[in-house]
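Only one structure is covered here, and it is reproduced in the block below.
The values are calculated or read from the model by the stated rules, or taken from the named source; none is laboratory data. Computed from a predicted model, the values in this text were never measured in an experiment. Using ideal geometry, Cβ is built from the backbone for each residue, glycine included, and neighbour counts are taken over all protein chains shown.
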Amino acid sequence: MTNDKLRRQNRVVIIILVILACCGLGIHQYFNYALKPVNPSSRRIVHVEIPKGATDHQVGLILKAKQLVRSSFVCDYYLQTHKEAGVKAGTFKLKAAYSTPQIVKILQESRESR
């Protein structure tokens, strides 16, 4: 290989690495944004029914439909990667002022209505 060809190849590799790093940072920023409360100043209580046997994906869709999470996908991913206990079935009182991690903690803690 000639020096010019090697330099060109190194530039391509560096450009690809920079693009991948930027994409990774962008995804990380989006996930951080999506985990924040939908409406931090909301005092409205939302009653949420989690059916027995609901999957993480179904729970994410329920919470998104009730406007309690910004992204059902991020909620589903968070549930799968932060499984201290499974989500309990039941009726829960939640607020849009809760972050996704706060909501997940509540759903994993109690079987009783909150």
For the list (1) touching a helix residue (DSSP H, G or I) at 6+ places or on another chain (Cβ under 6 Å); (2) at pLDDT 95 or above, I need the number of the one condition that Ala65 fails.
(1)
Going through segment 31-61 one residue at a time, which ones are touching a residue at least 24 places away in the same chain (Cβ under 8 Å) and part of a helix (DSSP H, G or I)?
Phe31, Tyr33, Ala34, Asp56, Val59
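Select from segment 17-67 the residues that are in contact with a Pro (Cβ under 9 Å, 6 or more places away or on another chain) and not aliphatic (A, V, I, L, M) and list them in ascending order.
Passing the criteria: only Gln58.
Here's the yes/no breakdown for (1) touching a strand residue (DSSP E or B) at 6+ places or on another chain (Cβ under 6 Å); (2) loosely packed, with under 12 Cβ neighbours inside 10 Å:
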{"residue": "Leu25", "(1), (2)": "no, yes"}
{"residue": "Leu35", "(1), (2)": "no, no"}
{"residue": "Val48", "(1), (2)": "yes, no"}
{"residue": "Leu61", "(1), (2)": "no, no"}
{"residue": "Lys64", "(1), (2)": "no, no"}
{"residue": "Lys83", "(1), (2)": "no, no"}
{"residue": "Ala97", "(1), (2)": "no, no"}
{"residue": "Gln102", "(1), (2)": "no, no"}
{"residue": "Gln108", "(1), (2)": "no, no"}
Filter segment 83-114 down to the residues that are in a helix (DSSP H, G or I) and farther than 14 Å from Lys66 by Cα, then identify the one that is modelled with the lowest pLDDT.
Glu109
Is it the case that Lys5 is part of a helix (DSSP H, G or I) and surrounded by 11 or more Cβ atoms within 10 Å (Cβ to Cβ)?
no
Please enumerate the residues belonging to segment 47-106 that are among the basic types (Lys, Arg) and touching a Cys at 6+ places or on another chain (Cβ under 9 Å).
Lys64
